[in-house]
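These notes concern the structure reproduced below.
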Amino acid sequence: MPKVVNNPDNKVIIIGGDHHNGLNLARIFGLNGKKVFAVVITDQAKSWMVKSKFIDGYSIFKTEKEGLDFVLEKFSSEPAKPFIIPYSDGAALELDLRLNEFKEKFFVPSINGKQGEIARLMDKEAQYNWAQGHGIKMAKSETFSLDADCVGHLDNFQFPIILKPAISAKGDKQDISICESIDETKKSFAVLKEKGYESIFAQEYLNIDYEVDIVGAIVPNKEYIFTAYHIIRSWPAKRGTSSFVVTITDEEILHNCKNLLKELANFGFCGNFDIEAFMVNGLFYLNEVNWRNSGSDFRCLKEKFYYAYWHYQSICSTNRKMPCWSIPFNHYSMTEDTDFRHILTKNISLKQWINDVRRTGNFATFRLDDLKPFIWKNVLSRITPKYIIKVLKKFV
């Protein structure tokens, strides 16, 4: 069996999409002197994120199954047990459904080492039931089968409601919708059924003060480390992904975060996490637990919150204690390409956006000491034959 060593020589394998999540996971390790191997899942022939100087090698596959088959074949006989980090819902789901194939030869995230348990709790209704059983507030929720005449059950809900894919890994965020009435809900059900959904998760729409993003890791001894962010802007607005945030230092909110993480740790989860929560009239509500590395990992770099590397060290060496770390005050971060769209839609002024950029410490792709991914994603990938022809026509 592969051995565990004091000064970790254990390879780090990250798996997920061609996304800034994987890029900045590589940066977290690279800034600590540990390069990673990236398994990129994309239908494109090339990847922009693998241009990072912190990625030591990579392979590209169209499906998570192909990617994990490759990992098993290539890395099963390493002298030191490799460490796998999924950074997409699809990768986390596929890995957990095949946990028994991997857990003896690799360090992998899990709930009590039980195959299929993370997959079970990826279902939003299962999460809702888990939260109810552990005294954690969530909005009233229910899963509806789109094959049945289930609209009558909506009498239990107050409108507006929000409809989401029941399992994030099997759905598209673009299919999230907010319905103000039963008639709107019926129309949404019909559209979703046409798109191939068999069921949909419905929640009462909360009038939130703001959204909270919790990022960090839980290690086997039930110890956890985290940081939390107040989401100022998302894209698309109201139903999208965070684009401009600031760190949270409010002790009461952080206390609520700790209580939630304590429940997850006691439940047996070990791995990196990304948790969405809401503040509603000053009360803390869980929205969703994502059982994989967070897309907000880039927000941790300037603050040197290297949670993924510390998690790796705590498992792969005999020094298992996580370092002490305090959340810094008023540190801003931005997903630059999506946040810029708020200007185009006139949600904010150019002047405000420039001022926000000036106070931003972390960007999703732009980094002076690792510029290639930013250039490939935002410049070179757009210079296609079609683009060149379009430009030339202007001068002919």
Subset of region 48-60 [assigned to a strand (DSSP E or B) and within 17 Å of P86 (Cβ to Cβ)] | I55, Y58, S59, I60
For region 67-81, enumerate the residues that are of a type in the set (G, A, S) and closer than 17 Å to A92 by Cβ.
-> G67
Do we find that S296 is part of a loop (DSSP other than H, G, I, E, B) and either surrounded by fewer than 21 Cβ atoms within 10 Å (Cβ to Cβ) or out of contact with any Pro (no Cβ under 6 Å at 6 or more places or on another chain) (or both) in this structure?
-> no
Do the conditions hold for E66, that is, is it buried (at least 17 other Cβ atoms within 10 Å of the Cβ), among the charged types (D, E, K, R), within 21 Å of M122 (Cβ to Cβ) and out of contact with any Cys (no Cβ under 9 Å at 6 or more places or on another chain)?
-> no
Which residues, counting only those in region 10-47, are of a type in the set (A, V, I, L, M, F, W, C), touching a helix residue (DSSP H, G or I) at 6+ places or on another chain (Cβ under 9 Å) and assigned to a loop (DSSP other than H, G, I, E, B)?
-> L31
Listed by first then second residue, the pairs whose first member lies in region 115-131 and is without any contact (Cβ under 8 Å) to a residue 40 or more places away in the chain and not assigned by TED's automatic domain parsing to the domain that holds R292, whose partner is of a type in the set (K, R) and in a helix (DSSP H, G or I), with beta carbons under 7 Å and at least 6 positions apart or on separate chains, are A126/R120
Out of (1) in contact with a strand residue (DSSP E or B) (Cβ under 7 Å, 6 or more places away or on another chain); (2) of a type in the set (K, R); (3) assigned by TED's automatic domain parsing to the domain that holds K170, the odd one out for K195 is which?
-> (1)
Search region 284-297 for residues that are touching a residue at least 40 places away in the same chain (Cβ under 8 Å) and not assigned by TED's automatic domain parsing to the domain that holds N272 and pair each with any residue that is surrounded by 24 or more Cβ atoms within 10 Å (Cβ to Cβ) and hydroxyl-bearing (S, T, Y) when their beta-carbon atoms are under 7 Å apart and the residues are at least 6 apart or on different chains.
-> none
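The values are calculated or read from the model by the stated rules, or taken from the named source; none is laboratory data. The model shown is predicted, which means the values in this text are computed figures rather than measured ones. Every residue, glycine as well, gets a Cβ built from its backbone with ideal geometry; the counts of neighbours run over all protein chains shown.
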